[in-house]
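What follows is one structure encoded as structure tokens, with my remarks underneath.
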Amino acid sequence: VTTERSYHWSDIPHLAQRTLWSLRKPAPDANDQAWLLSLLTPVEAVLYRSMDQVDQSHALVCARAVQSLGDEVAVASALHDVGKNQAGLGTPGRVLASLAGLLIADLARRWDSASGLRGQIGRYLDHPELGAAALRRAGASDLAVAWAREHHWPPGQHTIDPDLVAALLDADE
Ligand SMILES: [Fe+2]
Ligand SMILES: [Fe+2]
């Protein structure tokens, strides 16, 4: 059983929507950010601040969407894409990476340590594992580590409670 996956064709509408959202360069909301930072440990806050503006905005939306489920869930929701900072790709590069994930996923996933754009694409596609490792090093909760690793996994494979997965996936729209 493999739980690995990059992107699937069925993700295209979502990817297109996220690309349009990214191109508007949404700035993180100051109130939301102050709230999230009050929940993060200092090391987690360093990770949050290492993200691009667009990823910070996404983190805040994802955290607010599950706020009613408690602080631990909100933090896990916020930090799930933290591994994207290791690719250093802007919006056009991310579109390219997503296409590589659709067309040549097995090849592109092996580009992690390559130099230049290939390495960036490989690390972008590997952002769940890279993020999970960074969160583990930062001493984040088991839930935060698991959700970072599992947030692109296919339905039915998660180690996290299914109701919680559903809420976290909903937040990641
Ligand atoms: Fe992701
Ligand atoms: Fe996300």
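Nothing in this text is a laboratory measurement; each read-out follows from the coordinates by a stated rule. These numbers were taken from a predicted model, which means no experiment stands behind them. Note that we place each Cβ from the backbone using ideal geometry, even for glycine, and neighbour counts take in every protein chain shown.
What to note about this one:
- Phi-based couplings in Hz for the stretch 107-112 (Karplus 6.51, -1.76, 1.60; Gly and Pro marked x): 5, 5, 5, 8, 8, 2
- Value of Rg to Rh for the stretch 85-173 (Rh from inverse mean 1/r over Cα pairs, i.e. Kirkwood): 1.00
- Cβ-based charge dipole, the chain, positive-most Cα from Ala45, Pro92, Ala30: Pro92
- Whole-Hz ³J(HN,Hα) from phi, Karplus 6.51 cos²θ - 1.76 cosθ + 1.60, for the stretch 150-160, glycine and proline x: 9, 6, 10, 5, x, x, x, 9, 5, 8, 8
- The GNM of the chain, with springs linking C-alpha atoms under 10 angstrom apart, assigns the highest mean-square fluctuation among Ser113, Ser98, Ser77 to Ser113.
- Estimated dipole of the stretch 1-118 in Debye, rounded to 20 [Cβ of Lys and Arg +1, of Asp and Glu -1, Cα centre]: 440 debye
- Rounded to the nearest 20, the size of the Cβ-charge dipole of the stretch 37-173 about its Cα centre is 620 debye, with Lys and Arg at +1 and Asp and Glu at -1.
- For the stretch 47-52, Karplus couplings with θ = phi - 60° (6.51, -1.76, 1.60), whole Hz, Gly/Pro x: 4, 4, 5, 7, 7, 4
- In the chain, the DSSP-assigned H stretches of four residues or longer account for a calculated mean residue ellipticity at 222 nm of -18000 deg cm²/dmol, using -39500 (n - 2.57) per stretch and the full residue count as denominator.
- The fraction of Cα-Cα pairs per 5 angstrom bin, counted from 0 for the stretch 10-67, comes to 4, 18, 26, 23, 15, 9, 5, 0 percent, rounded to whole percents.
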